[in-house]
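Chemist: Sharing a structure with you now.
Please treat every number below as a calculation from the coordinates, not as lab data. Just so we're clear, the structure is a prediction, and the values are computed from it rather than from any experiment. Here the Cβ is made from the backbone with ideal geometry for all residues, glycine too, and neighbour counts use every protein chain on show.
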Amino acid sequence: MAKKKTAFFCQNCGSQSPKWLGKCPACGEWNTYVEEVLQTEPTPEWAATANKDKRATRPVLLKEIKGTELLRLPSGDAELDRVLGGGIVPGSLVLIGGEPGIGKSTLMLQVAMELNYKVLYVSGEESEQQIKMRADRMTGAGQQCYILNETSLSAIFRQINEINPDMLVIDSIQTLHSDLAESSPGSVSQVRQCTGEILKFAKETHIPVFIIGHITKDGMIAGPKILEHMVDTVIQFEGDRHLSYRLLRTTKNRFGSTSELGIYEMTSYGLRQVSNPSEILISQREGELSGISIAATLEGNRTLLIEVQSLVSTAAYGTAQRSSTGFDGRRLNMLLAVLEKRTGFRMGNQDVFLNIAGGIRIDDPAADLAVCASVISSHQEIPVHEKICFAAEVGLGGEIRAVNRIENRITEAEKLGFDAIYISQFNKGLDSGKYKIKVRKFGRLDEVFSDLMG
Ligand code: TYD
Ligand code: MG
């Protein structure tokens, strides 16, 4: 018997080496090299199972290629459509990553059940009965949803030839194995081989494919980085597992922008689309509480009005603690230093706890002013009026800086019934007269505070 050809692969980045290495020269990770058997036979499986004439591809004139832009299939899920850039593109390969238990299988099964064309849902992780139990909790009809419990790629392709689905879901890529690579499922060469086969299948048949991928503990999609290069779209499903909100974000999209955001709520009957997020992100409260302010932030193209809560109290044990959830801790420290230096509030001996309601993370600098207002409100125990919101960045000099897309933020605040929005006086070309909401403009932090607290 011929000796098997093997090579060593980095399980983090997928780079290859003929001998074992302790440290990967490509990504710098330690102890990631694992020996895998190389592919022996070059015939791709998809070509073998779909007995088509073997023609080589020829160059085609650009103007003669039929556009498929108009043929996007609505997925029946407005949030997913938005994230994909307006529906499912035929022949596209979409990778969905996320922590275990976040709801990837639930989301894809739900989409498969809502669609009224033939979907093949291949699961290597759960039995048909388990999937049925899950499906029974959800609302979709699932008239044309086929379930296949299979992990062998060639068997999957045989079934595809039988039933001719219009869409394919693979749950998950790490459970599949191709006969062409001999290493175990989930290894770099298997994941790469299977994805390559599926990619070829999608491009030749124009059937869209959704692949679910596990992520490692650092939040990367497990398997080689090349996986992300191979697919058309990479979607991350994220959220705090203990809270019910889930965010769907694109990190790569060949057919749309990557700034879109989808929001869901995990309920006992599956994932519910949240079309007006601001209403749930702003907690209901009775009367006015100090330490709470509302920021008009942007996540991708969506305006979210988010509640910032803080608690400031004198440090019990000498050294002050600073803790923030959902907001960058270093940015909080910077803002506290600005407050101390530019407005004279003593922060050095105060514990400061900051929390963004709803388990959301914000990176938008426009939340700065709301954070400062919330901290000072708690420090002074003076509530910020509940009908006021904020959208401005705070600079190191205590100046109130302009932020992008201010019109969108004002419109959203107005729509949600706020009386006033506090922004920077440096936003250019803004016609604040056309809004019903009061647009208050400021240049410095102390002006904002004297206005808020009288
Ligand atoms: P799942 O889709 O299995 O996660 P993943 O495929 O990303 O690993 O999600 C399972 C979680 O969702 C599980 O903890 C239970 C919860 N869940 C609900 O709360 N309601 C539901 O209707 C369903 C189907 C699941
Ligand atoms: Mg799953």
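Chemist: Given only helices, namely DSSP H runs of n ≥ 4 each adding -39500 (n - 2.57), what is the per-residue ellipticity at 222 nm of the chain, to the nearest 500 deg cm²/dmol?
Modeler: Taken over the chain, the calculation gives -7500 deg cm²/dmol.
Chemist: Here is a follow-up. What translational D, rounded to a whole number of µm²/s, comes out for the chain from Stokes-Einstein when the hydrodynamic radius is the Kirkwood one over Cα pairs, at 20 °C and 1.002 mPa s?
Modeler: Reported coefficient: 86 µm²/s.
Chemist: How many angstrom lie between the Cα centre of the stretch 226-258 and the Cα centre of the stretch 319-355?
Modeler: 32
Chemist: Kindly express, to the nearest 10 degrees and within the range 0 to 90, the angle between helix 188-205's C-alpha long axis and the longest C-alpha principal axis of the chain.
Modeler: 80
Chemist: Just from the alpha-carbon atoms, what are the Rg and Dmax of the stretch 73-273 in angstroms?
Modeler: In Å, with Rg to one decimal and Dmax whole: 15.4, 42.
Chemist: Which angle between 0 and 90 degrees, to the nearest 10, do you get for helix 104-114 versus the longest principal axis of the chain when only C-alpha atoms count?
Modeler: Between helix and principal axis, roughly 80 degrees.
Chemist: Kindly rank 317-324, 135-142 from highest to lowest mean number of other beta carbons found within 10 Å of each residue.
Modeler: 135-142, 317-324
Chemist: Could you order peptides 262-268, 59-65 by the average number of other Cβ atoms within 10 Å of their residues, highest first?
Modeler: 262-268, 59-65
Chemist: Something else now. Which order do the peptides 253-259, 154-160 take when ranked by the mean count of other beta-carbon atoms within 10 Å per residue, highest first?
Modeler: In descending order of packing, they fall as 154-160, 253-259.
Chemist: Please state the relative contact order of the stretch 73-273 as a whole percent: Cα pairs under 8 Å, 6+ residues apart?
Modeler: Value for the stretch 73-273: 30 percent.
Chemist: Compute the long axis of helix 128-137 from its Cα atoms, compare it with the longest principal axis of the Cα atoms of the chain, and write down the angle in degrees, 0 to 90, nearest 10.
Modeler: Helix 128-137 sits at roughly 30 degrees to that axis.
Chemist: Using Cα pairs under 8 angstrom and six or more residues apart, how large is the relative contact order of the chain, in percent?
Modeler: Normalised by residue count, the contact order of the chain is 12 percent.
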